[in-house]
Amino acid sequence: MKIDLSGKVALVTGGAAGIGRACAQTLAQAGALVVVVDINLPGAQETIDSIGSGLALRCDLSDPQDVEAMRDRVLTEMGKVDILVNNAGIISYRRGIGAVSLEEWNKVIDVNLRGPFLVCRVFIEEMKKLGWGKIINFSSLAARVGGIEVGIHYAASKAGLIGLTRTLAKEGGPYGINVNAVAPGIIATEPVKRQIAGHEEQYISQIPLRRLGEPQDVANVILFLASPLSDYITGIVLDINGGIYMG
Ligand SMILES: NC(=O)c1ccc[n+]([C@@H]2O[C@H](COP(=O)([O-])OP(=O)(O)OC[C@H]3O[C@@H](n4cnc5c(N)ncnc54)[C@H](O)[C@@H]3O)[C@@H](O)[C@H]2O)c1
């Protein structure tokens, strides 16, 4: 069966780079009209240029006013959002809890957890009116097993997203809105490649599929969760990790 998302508007946060860019491109290839929202506007525009159409918007997802202004622009220009991919996030690296300042804790929670909360909150009522919608949040392997390379604040933000996802799945279900999360493992995007440079083999040897993940591996799963093929799935956390953790 061919996945056809024509007529659907898909909003991808953090689509200026990495996994978000692959998701935006993949959803567009399936026919969706794509909006890329990112704090990095040139990067978001580059993604849209690679697709050939769509809308790139600058928005700092940790800023509630920015998120509301973004919602107004999207609804004015696109009329609706059918598919919401809350991919944007910042990675913080592991060290002892005593070395994590309150300021850094707040920043990571604000972007990774409060950001998706704000974005879901500004779009959910419009989605309920449509009677069909897909929300996909980005958790992480770190929420499943504790941070390996990443910090306690990152792992806590990604674990929080699981509770957010399941609670929103209960609210959205009666309106035909599926809310799911993905938990990627070690995906070879720029920040991750930088962090594990020199010890990649240590990870690869622990991954049953014997390779790091690629952004496209995640985008393929997002396409499934954004499509009618997943209409009876809600509230799940789908691991995309080559088998390094089997929940
Ligand atoms: N790469 C991995 O191994 C991995 C593993 C598990 C989970 N994840 C999650 O997947 C998502 C994408 O990761 P990635 O590796 O592609 O990262 P990335 O750094 O390549 O891309 C993240 C994007 O988010 C944007 N962003 C950051 N802060 C923002 C803000 N305040 N407002 C708006 N946009 C903002 C960045 O500009 C960037 O374009 C993240 O949520 C990350 O936590 C990644």
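Key figures for this structure:
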| item | result |
| --- | --- |
| Alpha-carbon centroid distance for the pair region 45-117 / region 183-241, whole angstrom | 20 Å |
| Of Ala30, Ala88, Ala181, the one that fluctuates the most in a GNM where the chain has Cα springs shorter than 10 Å | Ala30 |
| Distance in nm between pseudo-label sites at Leu75 and Leu41 (7 Å out along the Cβ direction from Cα) | 2.3 nm |
| Accessible area per residue, Å², the chain with all protein chains present, probe 1.4 Å | 45 Å² |
| Helix 41-51 vs. the chain, principal-axis angle (Cα, 0 to 90°, nearest 10) | 70 degrees |
| Per principal axis, descending, Cα span of region 141-247 in whole Å | 49, 29, 24 |
| At q = 0.28 Å⁻¹, base-10 log of I(q)/I(0) for region 206-247 (Debye sum, equal scatterers on each alpha carbon) | -1.02 |
| Region 84-182, Cα convex hull volume normalised per residue, Å³ | 78 Å³ |
| Label point 7 Å beyond Cα of Ala99 along Cβ direction - residues of region 149-177 with amide nitrogen under 14 Å | 149-153 |
| Heavy-atom accessible surface of the chain: percent carbon and sulfur, 1.4 Å | 54 percent |
| In Å, descending, principal axis extents of the Cα set of the chain | 46, 43, 37 |
| Binned Cα-Cα distances of region 1-138, short to long, each 5 Å bin given as a whole percent | 2, 11, 20, 23, 19, 12, 6, 4, 2, 1, 0 |
| Segment Ile148-Lys2, length gained on full extension (0.36 nm per residue, minus Cα span) | 48.8 nm |
| Selected from Pro184, Pro116, Pro42 as most flexible by GNM, with the chain as the system and alpha-carbon contacts under 10 Å | Pro42 |
| Under 17 Å from Lys107, Cα to Cα: aspartates and glutamates that are on another chain or at least 8 residues apart | Asp38, Asp60, Asp63, Asp66 |
| FRET efficiency for Arg210 and Gln29, using Cβ-Cβ distance with R0 set to 35 Å, rounded to 0.05 | 0.80 |
| Value at 222 nm in deg cm²/dmol, rounded to 500, when DSSP H runs of n ≥ 4 in the chain each add -39,500 (n - 2.57) | -14000 deg cm²/dmol |
| Set Lys8/Lys134; Lys134/Lys193; Lys129/Lys170; Lys128/Lys170; Lys128/Lys158 screened for pairs whose C-alpha atoms are more than 22 Å apart | Lys134/Lys193; Lys128/Lys158 |
| Relative contact order, percent, the chain [alpha-carbon distance under 8 Å, six or more residues apart] | 19 percent |
| Antiparallel bridges, percent of DSSP beta bridges restricted to the chain (to nearest 5) | 5 percent |
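The values are calculated or read from the model by the stated rules, or taken from the named source; none is laboratory data. The model shown is predicted, which means the values in this text are computed figures rather than measured ones. Here the Cβ is made from the backbone with ideal geometry for all residues, glycine too, and neighbour counts use every protein chain on show. SASA here: full protein model, heavy atoms, side chains in, ligands and nucleic acids out. Shrake-Rupley method; radii C 1.70, N 1.55, O 1.52, S 1.80 Å.
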